[in-house]
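Colleague: Mind looking over this structure? Questions follow.
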Amino acid sequence: MSSLRARFYLKIFFFTALFFALCGFQTSFWPNLITLLPSPQFWLMMIFFISLRWTPLFSVFYIYFLGFCLTRFSQIPLKMAWTTLLTTFCLLSLFKDRVRLSGALSFSFFTLLGSIIFEVSYVILSHSIEVNPTSFQFFDRLIQIIMNFIFSYPAYRVFEWLDHVFYDRQIWSATPEQNEDL
Amino acid sequence: MNFLNFNFKKAFILLLIISLPLISINMEQKKVQNSWFTQPFSFMAQTVQNGFSSLSRGVRSTTAQYLNLINIKSENAHLHKENSELKTRLNQFSENQNELERLRTLLDFQNNTKMELIPGQVIGRDLVADHNTITINKGTKHGLRAGQAVLTVSGAVGYIFKPQYFTSHVMLITDRYSVVDALIQKTRSHGIVEGKNSETCVLQYVERTEDVKIGDLIVTGGLDNIFPKGFPLGVVTNIERKTKSASLIIDIKPVVDSNKVEEVFIVKHAALENFLEKTVDPQTTSQTGQQ
């Protein structure tokens, strides 16, 4: 197995492990300590990060996989998880090249945008494809969006670090021209 | 030899050298008066002494204050720590007492029922805020299966819908996918309780002619073979009478706040128990006794 492929598998493994850890944090850690405010959806931020940073084709399938993992922690039907995440991914992909921001600021902005898209599309899709659709719960959803936005900066740092660990600059930056030069 | 060749200068210096000690000896021997020529020196001496004395007092006082401050600070820290320890102990004590009371109530409930109950602890909540489920620390390994009732001493919580080996997901009665057979305790009319949001359920399919009032208790109907009959579900908070509808829409508030649930019971055989009989029996017996 080549070094590049090994790094790729390791990256997937660690990101998936992180996804589980974040889901566990949200379901079992935060509610036991803080009942007043909802937990920030770190798992959703991770999906935003993947949508923005990774190659689109692979990201879609990986997000589907994560959507499936999501149903292990929730009563959310798979159809709702996949359709909502796909909608969010598509809209974020549409916007990502049209916003001239970079780094953590960019990620915070896209977290805010993605959270709004996620919540709105969730309500719309629930009313479209579920027999007993969800209620609007405006303030609950608004607080959730704000919490996501607030915690997006530390989340970005962690994702960025993990992404960077498995990023081999020499391999990825070695374009044919550079190779010839070398 | 020139006898007259006498060096007067040397003689004067010699005399002076000898006379000064003699004068001083003489002064020591006499009572020293506060002579006019000593006064300026005395004054200077006093001033300097007073200055240094004040300075030393000041330094001593400051040092003492500083040392006291250090002592006070360390003493304060010590007392603070002791106070914190005592507070922690007190909190722990009251927490233990609460837990003891809670466990005693649970044990009494478990001992006084015909149902086979398995105690469980809540270890997680639903990931998506839209759904109301909890995760408990018991699974198929402990004999759990889908469709078993989950309740507390005060009322019904939900039922198991996704049992796993070590844990199980419990669908709360407030989840919009949840459906529970229910009846109004006062009138005995049946209906279906469905989840609405995290704090409310809806009782549907109750005939509009039924005499339902806000505050009435809704209990489990038992027809679903999940819950024992007559166990508290919630209290009526709102009644909607639509003119075109044949049935009432009744909002109920669950008696158990699912956000605060820590320990639950899983019912293995719900059909063994009927709480309605328990609530009815004393009345009928008293009536028969009066007759």
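Derivation of every value follows stated rules applied to the coordinates shown; laboratory data play no part. Worth saying up front: this structure is predicted, and the values here are computed from it rather than measured. Note that we place each Cβ from the backbone using ideal geometry, even for glycine, and neighbour counts take in every protein chain shown.
Colleague: Can you list residues whose amide H is under 5 Å from B:Gly124's amide H, if they're 5+ apart or on another chain and H is modeled 1.01 Å from N?
Modeller: B:Thr135
Colleague: Compute, for region B:117-274, the length of the dipole vector about the Cα centre, with Cβ point charges of +1 (Lys, Arg) and -1 (Asp, Glu) only. Units Debye, rounded to 20. Working shown, then result.
Modeller: Values: 18 positive and 17 negative charges, 42 e Å.
Computed charge dipole of region B:117-274: roughly 200 debye.
Colleague: If the viscosity is 1.306 mPa s and the temperature 10 °C, what translational diffusion coefficient in µm²/s does Stokes-Einstein give for chain A when Rh comes from Kirkwood over Cα pairs? Show your work: numbers first, answer last.
Modeller: Working: Rh = 17.6 Å.
Here the translational diffusion coefficient equals 90 µm²/s.
Colleague: Helix A:138-150 sits at what angle to the longest principal axis of chain A, using alpha carbons and giving 0 to 90 degrees rounded to 10?
Modeller: Compared with the principal axis, the helix lies near 30 degrees.
Colleague: Need one value for A:129-142: mean number of C-beta atoms belonging to other chains within 10 Å of its residues' C-beta atoms.
Modeller: On the way: counts 0, 2, 2, 8, 2, 6, 6, 1, 4, 0, 0, 4, 2, 0.
Shielding by partners across A:129-142 averages 3.
Colleague: Using 29 Å as the Cα-Cα cut-off, could you pick out the over-long pairs in A:Lys11/A:Lys96; B:Lys162/B:Lys242; B:Lys114/B:Lys186; B:Lys141/B:Lys253; B:Lys162/B:Lys260? Write out the running numbers ahead of the final one.
Modeller: Numbers: A:Lys11/A:Lys96 23 Å; B:Lys162/B:Lys242 36 Å; B:Lys114/B:Lys186 24 Å; B:Lys141/B:Lys253 33 Å; B:Lys162/B:Lys260 21 Å.
Violating the 29 Å Cα-Cα cut-off are B:Lys162/B:Lys242; B:Lys141/B:Lys253.
Colleague: With point charges of +1 on the Cβ of Lys and Arg and -1 on the Cβ of Asp and Glu, referenced to the Cα centre of chain A, which listed residue (A:Thr83, A:Ser108, A:Phe159) lies farthest in the positive direction of the dipole?
Modeller: Sorting the options by dipole projection puts first A:Thr83.
Colleague: Can you list the residues, at least 5 places off or on another chain, whose amide H is less than 5 Å from the amide H of B:Arg176, using H built in the peptide plane?
Modeller: Long-range HN contacts for B:Arg176: B:Asn132.
Colleague: Calculate I(q)/I(0) for region A:45-127 by the Debye formula, one identical point scatterer on each C-alpha and no solvent, and give its log10 at q = 0.12, 0.14, 0.27 Å⁻¹ to two decimals.
Modeller: -0.33, -0.44, -1.40
Colleague: Taking the simple approach of a point 7 Å from Cα along Cα-to-Cβ for both B:Lys87 and A:Ile143, what is their distance in nm?
Modeller: Taking the two extended label points, one gets 2.7 nm.
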